[in-house]
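Engineer: Got a structure for you, questions after.
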């Protein structure tokens, strides 16, 4: 690509991604427009006004590129196209334009650590040991006894090495065997993948969420992984060893900086990383000079038990770990984990949403969480997820969090006019249409939260302070320029005295005559936001 054609401009002083709310769309399950039971780009476009009404600022779309769909799009066979299941490049361009007309941003998934085995690069790489693209992937000889080069276990359970009989070597696959790992140590791979980012930026994409970035620089020459002393038989087999040679490798940070340099070639773009790990590992992805990710995803609450002391401990630990000048972010759910309404309990869904949307940092809201959707029970015959199929019985399947959006009454609840790819499940409070009409619904609580957040600088840019966390009540403050707001959350099923006073600006418990907000109490499972006097 001609470097001279690339637009260059500095970022604005107040970056949109600091005050905005990101909404993750899992495209297979958002809206079907063509009757095949699978969501698509035109379906997303048809629901943009719902997102405007919700009040979010940016949509992040999980992979939509050509793929055999062995891992539902995370096994890419062409980085610069659109899978026909989702539409065409013209549909994508139309979606970008429609999104921008509504004042929204559009973020794509970028999957740099591996391709599909069907990608032409890998087909060529495995054709011969002397192939021009052989070194685009990671190959190693077997041990003398024919076993894999190391004891590494893939994220999905079996060995991370797959034997290729045609060339007599193993190739590395951190995920499925159908997802061979790219060799980013090869400059040709670097150049191709970075130019792919430019391809999408020049089509108007506002940023990337970079998938599995912690695995981008595995170093098998360092040898076996040591045993994990905390591993138990009921855990994911991939956790049996400590991934000290395959995750968070020094070269990976160099590759992220390369991605950031490309991102800086375009105005007002954002680079987000899927950075799982210990807090010190996550913080390293900001870069020593803030030259890596603007937003290394913060998953600290995503696997937390919904218990007040532990929630507060993790929040305060994250706040303390943030480097000075870094901008934080919060995630409670996505397409890979149990839904927050199931982890916390459906009664606590409003408390969880209030927490997500009022903590200091950029929130990412997963589709359907604004409705209080729970993880669905998927009948065995309907299971789609390869992870569940590879390690059955451990409850690792991700289908329960990926069921289609319930929009309105009807056999498929407005998602499709044919059989959906997964069953549609409706949350306790009803589908989107029913909740939109109910002033006391979860959806309208989230909408009210977003309206308040948008008009209250202290709730977006203010500092954070823990006020109290005892007797099942968590109160924290957000301060900015003399304005202070108290967020009061009741983690119990009984009324609790509100330990602070002030003007009630939002209550999750709005049923007529409840009076709880005005009697110095927080309703059971309730949330209050007060403006300090």
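Engineer: Show me the helices (runs of 4 or more DSSP H) entirely contained within segment 415-474 in which 2 or more residues are under 26 Å from residue 30 (Cβ atoms).
Structural biologist: So the answer is 432-436, 442-455.
Engineer: Something else: Which one is farthest from the chain's Cα centre (by Cα), of the residues in segment 282-308 that are more than 30 Å from residue 493 (Cα to Cα) and assigned to a helix (DSSP H, G or I)? Don't jump to the end; show me each part of the working.
Structural biologist: Applying the first criterion (more than 30 Å from residue 493 (Cα to Cα)) to segment 282-308 yields 282-297.
With the extra rule that they be assigned to a helix (DSSP H, G or I), the set shrinks to 282-286.
Numbers: 282: 15, 283: 17, 284: 19, 285: 16, 286: 17 Å.
It comes out as 284.
Engineer: Also, I was wondering about something else. Looking at residue 317 and the list (1) closer than 22 Å to residue 465 by Cα; (2) within 20 Å of the chain's Cα centre (by Cα); (3) not in a loop (DSSP other than H, G, I, E, B), which single condition is not satisfied?
Structural biologist: It fails just one condition, (2).
Engineer: Further question: Of 233, 217, 317, 292, which residue is closer than 26 Å to residue 462 by Cα and out of contact with any strand residue (DSSP E or B) (no Cβ under 8 Å at 6 or more places or on another chain)?
Structural biologist: Going through 233, 217, 317, 292 in turn, the sole match is 317.
Engineer: Another question, then. Listed residues 430, 345, 368; which is at pLDDT 95 or above, on the phi > 0 side of the Ramachandran plot, within 22 Å of the chain's Cα centre (by Cα) and surrounded by fewer than 24 Cβ atoms within 10 Å (Cβ to Cβ)?
Structural biologist: 345 is the lone residue from the list that is at pLDDT 95 or above, on the phi > 0 side of the Ramachandran plot, within 22 Å of the chain's Cα centre (by Cα) and surrounded by fewer than 24 Cβ atoms within 10 Å (Cβ to Cβ).
Engineer: Mind telling me which of the residues 77, 67 ends up being within 23 Å of residue 175 (Cα to Cα) and touching a helix residue (DSSP H, G or I) at 6+ places or on another chain (Cβ under 8 Å)?
Structural biologist: Values: 67 fails: touching a helix residue (DSSP H, G or I) at 6+ places or on another chain (Cβ under 8 Å).
The match here is 77.
Engineer: Same structure again: From 514, 471, 438, which residue is at pLDDT 95 or above, outside the structural domain of residue 327 (by TED's automatic domain parsing) and either surrounded by fewer than 18 Cβ atoms within 10 Å (Cβ to Cβ) or over 27 Å from the mean Cα position of the chain (by Cα) (or both)?
Structural biologist: 471
Engineer: Right, another one. When segment 475-491 is examined, which residues are found to be over 14 Å from residue 505 (Cβ atoms) and not in a loop (DSSP other than H, G, I, E, B)?
Structural biologist: Matches in segment 475-491: 475, 476, 479, 480, 489, 490.
Engineer: Let me ask something additional. Give, as residue ranges, the helices (runs of 4 or more DSSP H) completely inside segment 25-131 that count at least 2 residues that are modelled with pLDDT of 95 or more and not assigned by TED's automatic domain parsing to the domain that holds residue 416. Let's see the steps before the verdict.
Structural biologist: On the way: elements: 41-46, 48-54, 89-101, 120-125.
It comes to 120-125.
Engineer: Another question about this same structure. Within segment 447-460, can you find the residues that are surrounded by 15 or more Cβ atoms within 10 Å (Cβ to Cβ) and in contact with a strand residue (DSSP E or B) (Cβ under 8 Å, 6 or more places away or on another chain)?
Structural biologist: First, the residues of segment 447-460 that are surrounded by 15 or more Cβ atoms within 10 Å (Cβ to Cβ): 447-450, 452-454, 456, 458-460.
Across segment 447-460, the qualifying residues are 448, 449, 452, 456, 458, 459.
Engineer: Separate question: Do the conditions hold for residue 483, that is, is it modelled with pLDDT of 95 or more, assigned by TED's automatic domain parsing to the domain that holds residue 50 and over 25 Å from the mean Cα position of the chain (by Cα)?
Structural biologist: It is false that residue 483 is modelled with pLDDT of 95 or more, assigned by TED's automatic domain parsing to the domain that holds residue 50 and over 25 Å from the mean Cα position of the chain (by Cα).
The values are calculated or read from the model by the stated rules, or taken from the named source; none is laboratory data. What you see is a predicted model; the values in this text were computed from it and never measured. All Cβ positions, glycine included, derive from the backbone under ideal geometry; neighbour counts span all protein chains shown.
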